[in-house]
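Here is the structure we will look at.
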Amino acid sequence: MGIAFYDARQVENLLDYRGCIEAMRSAMIALSTGGREQPLRTTWPLGKGEMWGIMPGDLMALSAFGAKLVSVFHDPQRPGCTRHQGVVVAFDGETGAISCIADAEPVTKIRTACATAAGTDALARKDARVLAVFGTGVQAEAHLRALPLVREFDEILLWGRSTEKVRALAEEVGPVIRRKIEAVADAEEAARRADVICTVTSSREPVIFGEWVKPGTHLNLVGSSMLGPIEVDAALVAKSRYVADYRPGVIAQGAELAVARDAGLVDDSHVVAEIGEVLAGRTAGRENDEQVTVYKSLGHVAQDLAAADYLQRRAARLEP
């Protein structure tokens, strides 16, 4: 039999958000309860801010192992932004054969937002009613689509550095999710109004400060996936109950945690749990309605392997 290949269009059609959220929930539980240490991602700079990287690992709960190979290059269609291009290669854990290859760009886009949604469902207050998304790129779009599937938001706010891009994205995604998305010009206003905040920016400096965030808020820090760029200040990290997608990865490569640690405000024990431990009931997530909670997402290949498995199973069900 040949190797199944899923191009961008097929991934977008097969990887539905609601089903992917459940796949991410199961994947993160398996990652945190499987008892296997996973390798960290490796990246190589290629000059001019461009790079390529390898994310290897396994998800033996699905009898799968593999890697994501991805480049991060400047996107000529979106000046000032980068584009993640590559493939997810999944292997069968029983035979060692390649089970599928999938376009990594849409896989990453959808599975990241769906993992955030699973984390939000575990950590946000049940009565959270105002969502704020910071950013205007592909992850902002995906998060606007995923988060309303786990909470009944009365208001959805969108902030970005470009007012034009904010308005364009709000007008594009609003009809898709059948919700009004309010373009907010002031970052502080958006943060102060929100019960759930998702940062999916390419900023190198904080776009949100601890003093802006009201008690009981849940934040998903998604935009920075390496040491260097930070989306929130150290004060916010220090006052939060801080949960990682994968603890060793966040301790080694989580920029916001590193800055707070270097300032002497926290140490590695500030990472109280992995989201899979919370989802599995092994560790408490939110302890009370006044607590500020943070889910730090670097992304893990277990999510990519779970997404590949899900889209393969969906493709098989849909075959005539």
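The values are calculated or read from the model by the stated rules, or taken from the named source; none is laboratory data. Keep in mind the model is a prediction, meaning the values are calculated, not measured. So basically every Cβ, Gly included, is an ideal-geometry build from the backbone, and we count neighbours across all protein chains shown. Each accessible area value is taken on the protein alone, full model and side chains, heavy atoms only, with ligands, DNA and RNA left out. Shrake-Rupley method; radii C 1.70, N 1.55, O 1.52, S 1.80 Å.
Somewhere in region 99-106, is a residue open to solvent by less than 20 Å² (accessible area, probe 1.4 Å), within 30 Å of VAL292 (Cα to Cα) and touching a residue at least 60 places away in the same chain (Cβ under 8 Å)?
First, the residues of region 99-106 that are open to solvent by less than 20 Å² (accessible area, probe 1.4 Å): 100, 102, 104, 106.
Now drop any that are not within 30 Å of VAL292 (Cα to Cα), which leaves none.
Taking every residue of region 99-106 in turn, none turns out to be open to solvent by less than 20 Å² (accessible area, probe 1.4 Å), within 30 Å of VAL292 (Cα to Cα) and touching a residue at least 60 places away in the same chain (Cβ under 8 Å).
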Query raised in the report: ALA170 versus (1) in contact with a helix residue (DSSP H, G or I) (Cβ under 7 Å, 6 or more places away or on another chain); (2) closer than 13 Å to VAL133 by Cα: which is the lone unmet condition?
Result: (1)
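Give region 78-96 a look and list any residue that's among the hydrophobic types (A, V, I, L, M, F, W, C), open to solvent by less than 50 Å² (accessible area, probe 1.4 Å) and more than 17 Å from ALA315 (Cβ to Cβ), or say none. Lay out the reasoning, then the answer.
So in region 78-96, the residues among the hydrophobic types (A, V, I, L, M, F, W, C) come out as 81, 87-91.
Adding the requirement that they be open to solvent by less than 50 Å² (accessible area, probe 1.4 Å) leaves 81, 87-90.
Across region 78-96, the qualifying residue is only CYS81.
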Query raised in the report: For ALA315, which of the numbered conditions (1) more than 21 Å from the chain's Cα centre (by Cα); (2) hydrophobic (A, V, I, L, M, F, W, C); (3) farther than 28 Å from LEU62 by Cβ fails to hold?
Result: (3)
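Would you call THR112 open to solvent by 40 Å² or more (accessible area, probe 1.4 Å), of a type in the set (S, T, N, Q) and touching a residue at least 24 places away in the same chain (Cβ under 8 Å)?
On the way: open to solvent by 40 Å² or more (accessible area, probe 1.4 Å): no; of a type in the set (S, T, N, Q): yes; touching a residue at least 24 places away in the same chain (Cβ under 8 Å): yes.
It is false that THR112 is open to solvent by 40 Å² or more (accessible area, probe 1.4 Å), of a type in the set (S, T, N, Q) and touching a residue at least 24 places away in the same chain (Cβ under 8 Å).
Hey, can you tell me all the residues within region 19-44 that are more than 22 Å from PRO248 (Cβ to Cβ) and either surrounded by fewer than 12 Cβ atoms within 10 Å (Cβ to Cβ) or aliphatic (A, V, I, L, M) (or both)?
To start, the set of residues in region 19-44 that are more than 22 Å from PRO248 (Cβ to Cβ) comprises 19-23.
Those that are more than 22 Å from PRO248 (Cβ to Cβ) and either surrounded by fewer than 12 Cβ atoms within 10 Å (Cβ to Cβ) or aliphatic (A, V, I, L, M) (or both): ILE21, ALA23.
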Report task. Considering only region 63-77, state which residues are more than 21 Å from the chain's Cα centre (by Cα) and open to solvent by 40 Å² or more (accessible area, probe 1.4 Å). Result -> PRO76, GLN77
Query - Pair list, Cβ under 6 Å, 6 or more apart: region 21-43 residue within 10 Å of ALA302 (Cα to Cα) and of a type in the set (S, T, N, Q), other residue open to solvent by less than 50 Å² (accessible area, probe 1.4 Å) and modelled with pLDDT of 95 or more - result: GLN38/GLY57
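Look at region 179-231 and say how many of its residues are among the β-branched types (Val, Ile, Thr) and out of contact with any His (no Cβ under 8 Å at 6 or more places or on another chain). Spell out the reasoning first.
Within region 179-231, the first condition is being among the β-branched types (Val, Ile, Thr), and the residues that meet it are 181, 184, 196-197, 199-201, 207-208, 213, 217, 222, 230.
Right, trim to out of contact with any His (no Cβ under 8 Å at 6 or more places or on another chain) and you get 181, 184, 199, 201, 207-208, 213, 217, 230.
Final tally of qualifying residues: 9.
Does ASP127 satisfy being part of a helix (DSSP H, G or I), farther than 18 Å from GLY49 by Cβ, of a type in the set (D, E, K, R) and open to solvent by 20 Å² or more (accessible area, probe 1.4 Å)?
Working: part of a helix (DSSP H, G or I): no; farther than 18 Å from GLY49 by Cβ: yes; of a type in the set (D, E, K, R): yes; open to solvent by 20 Å² or more (accessible area, probe 1.4 Å): yes.
When the stated conditions are applied, ASP127 does not pass them.
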